[in-house]
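Please treat every number below as a calculation from the coordinates, not as lab data. All values derive from a computational prediction rather than experimental measurement. With ideal geometry, Cβ positions are generated from the backbone for all residues, glycine too; neighbour counts draw on all protein chains shown.
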Amino acid sequence: MSTSKVYALDTSTLITVLRNILEVMKANEKYLTKLDADIGDADHGINMVRGFQKVMELINKENPSKLDAGRALQLTGMGLLQVVGGAAGPLYGMFFLEASKKVQGKKEITVKDFADVLEAGLKAVKMVGGGTVVGDKTMVDVLEPVVAKAKEIISKRDNVDFIELLEEIVPFAKECVLNTIPLQARKGRASYLGERSKNHQDPGATSTYLIIRTFYDTLKGTTGVKISEYDQATGKLLKEEPL
Ligand code: ADP
Ligand code: MG
């Protein structure tokens, strides 16, 4: 496996990431839906697959070789908004739409851009979610700490590249997902369950982790992972296998 440094994500690599995210969502559709069946309405996996299918359809309709990074992220937001209902559509849709503005017209995304893109997306999610904060047991429980950590790494280390950054971010994001298990949900459908939302892994936090890790896997030349083992009671992620 190549260990060369990656300082920028060009548009074609970004499109490969998006295509791989679709594959990852398909591979984890049942798992994500199981997580949502436990504390929601059993559609999260279905939503994510349908959403990223539409994203790839929109990207393929425009000449992918002519797209810039901003437009690719904008089409991602549009696709998700168009076909995903409920909470996740507007949340992820606005995440990508707002994120796209940070790299409008750019052919590539630098490491610094990447942190800015995630930060803009996080801000949108918090707003669309109605003031979601860390601890509410949502995707923000992964996004916010990840943004903070990415910014910290970039500010402290000169010339950090994508691989080095993501090598730290990916396991950290997974920890953040596991940290949602004991929490009582304060936002979204799961919050209707009150105390009963405790001891379950949040589906949206899990899909956010999978998206972040697919950037890493793609840069390493692989597609992504399937969660192949989990705890039946809590949904706790136990084992991942490469696709
Ligand atoms: P729905 O809840 O409409 O069925 P999904 O099942 O696709 O939508 O997505 C549920 C996920 O969305 C949750 O697991 C949570 O991570 C995220 N979520 C729900 N409400 C909010 C919110 N207000 N702010 C941030 N994230 C939220
Ligand atoms: Mg749902």
Given the pairs K112/K220; K54/K239; K30/K106, which span a C-alpha to C-alpha distance of over 27 angstrom in this model?
K54/K239; K30/K106
Rounding to the nearest 10 and keeping the result within 0 to 90°, find how far the Cα-based axis of helix 140-156 lies from the longest principal axis of the chain.
40
For segment 168-209 versus segment 81-120, the gap between their alpha-carbon centres in whole angstrom
21
Report, in degrees rounded to the nearest 10, the 0 to 90 angle that the Cα long axis of helix 29-39 makes with the longest principal axis of the chain.
40
Set the Förster distance to 25 Å, then compute FRET efficiency between L238 and L193 from the Cβ-Cβ distance, nearest 0.05.
0.60
Using 26 Å as the Cα-Cα cut-off, could you pick out the over-long pairs in K126/K149; K66/K174; K137/K226; K187/K236; K151/K236; K5/K174?
K66/K174; K151/K236
Here the convex hull volume per residue of segment 50-201, taken over Cα atoms and given in Å³, is 111
Measure nothing fancy, just the Cα-based angle from helix 88-101's long axis to the longest principal axis of the chain, in degrees from 0 to 90, nearest 10.
20
What residues of segment 111-135 lie in the reach of a label at K5, counting those whose backbone N is under 15 Å from a point 7 Å from the Cα along Cα→Cβ?
111-112
Please give me the summed charge of the neighbours of V170: other residues whose Cβ is under 13 Å from its Cβ, Lys and Arg +1, Asp and Glu -1.
-2
Summed side-chain charge close to I39 - residues other than I39 whose Cβ falls under 11 Å, Lys, Arg +1, Asp, Glu -1
+1
